[in-house]
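Enquirer: Right, I'll just put the structure down here and ask away after.
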Amino acid sequence: MSTFIEHIVRLTDHRDRDLLELTLSKALLELLPVSRIVIARVMREEGESRWLEVARLDAKGGGRVIDPTRIDFSALVKFDDAPDRVKCLALRDRVEIAWAGAEGPRITLLPLFSQLREEDQGVLELHSEAPLNEAHLLVIDSMCRIYRNMYSLLEFSDRDALTGLLNRKSLDDAFYSAVLEDMNELPGTRISENLTSQERRHHVPANYWLGSVKIDNFSLIAEQHGRAASDEILSRVARIFSNTFRTYDRLYRLSDDHFGVLLHCPDEALVLGAFERFKSNVEKYTFTQVGRVTVSCGFTNVLADDSPRSALDKTVKAVDFAKRSGGNKACSYPGLAQRGFFGVPEPTPEVKVV
């Protein structure tokens, strides 16, 4: 059995937040008399909250680790249908569930994720055949504190200070690990390297889209109203961005007023609908110093031979087209390309896009 110190080393050795839950789960399974570990996050879409079990591992082998970008939100457990998890979050403290007497099997729940961000709400569930003693609870508390510290540290390094959105480096990492490896079904993805043959990653068909957003006339606004006004616009647009898209979509501030989103979606119409909602939400908001602001949006499907730069270049071309057309528009790069707006019309691809 690995020692406590060895597990601390493994947990603090990561530079990827997506692997922390798996490492924590494996550590607790080895260090404690538990039969199952479940890590559940609160996911939100269009005002509705549901539970996503990002990790579920069993002591006897088996389990799964799920990529939040590739889920069917409607199939997840509704937030209020897991009252013990809700209670754990509300109390921000340990909750124990016993159904066969004081010394019988139970589930111990603890709030897990950083409580600084609403998007990071979640719980840790430990299934055991008997109550966990004080020594066990001390191990859990210590490992969870280390986990939270590492999560917060990596979160800080991955995010833009002004808006709280992910930064440009995070896009490159997500693009190569979560998108291209999945699309090409490469044998050595970062998570599969850390799983046994029974711990297979949950998989649904890939269908990824990358989008860009730029604020119309932002340079002129900044020149006329100053830094304070432009910072207010950036932070508020970022908040509207976060509130419009789904919790599990990856949102970025790429540079100055350039925002990006990487999302998994089954078809172009739904992607366009999301950008239209975002564009409308920005247009309706009244900014303190400048009044109304609009945005131009562009998006593209991600192909197997794309790099982050090539895919971003397509989205920027679509954004530029929207700006030249008067702004306050959302444009599809594939749709514009097929109509010949970027040179020779591109044929509709016969291969499945991702």
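Enquirer: Which whole-number percent gives the relative contact order of the stretch 249-332, counting Cα pairs below 8 Å spaced six or more residues apart?
Expert: RCO, the stretch 249-332: 25 percent.
Enquirer: Would you tell me the accessible area of E268, worked out with a 1.4 angstrom probe on the heavy atoms of the protein chains, in Å² to the nearest 10?
Expert: The accessible area comes out at roughly 70 Å².
Enquirer: Let me ask something additional. What distance in nm separates the two pseudo spin-label positions at E276 and S152, each 7 Å out from Cα along the beta-carbon direction?
Expert: The modelled label-to-label distance comes out at 4.3 nm.
Enquirer: Tell me the label-point distance for the pair F287, E134, using the 7 Å Cα-to-Cβ offset, in nm and rounded to one decimal.
Expert: Inter-label distance under the simple model: 5.8 nm.
Enquirer: With every protein chain kept in the model, how would you rank R10, R246, R92 by accessible area, 1.4 Å probe, largest at the top?
Expert: Listed by decreasing accessible area, they come as R92, R10, R246.
Enquirer: Right, something else. Would you list, by chain and number, the lysines whose Cα falls below 24 Å from the Cα of K169, excluding same-chain residues fewer than 8 positions away?
Expert: Hits, sequence-local ones excluded: K214, K314, K317.
Enquirer: List the lysines whose alpha-carbon lies under 21 Å from that of K26, not counting same-chain residues fewer than 8 positions away?
Expert: Cross-link targets: K60.
Enquirer: If I ignore ligands, DNA and RNA and count only protein heavy atoms, how much of V302 is accessible to a 1.4 Å probe, in Å² to the nearest 10?
Expert: 0 Å²
The values are calculated or read from the model by the stated rules, or taken from the named source; none is laboratory data. This one's a predicted model, so the numbers in the text were calculated from it and none came from an experiment. Neighbour counts run over all protein chains shown; Cβ positions are idealised from the backbone, glycine included. Heads up: the accessible areas ignore ligands, DNA and RNA and are worked out on the full protein's heavy atoms, side chains in. Shrake-Rupley method; radii C 1.70, N 1.55, O 1.52, S 1.80 Å.
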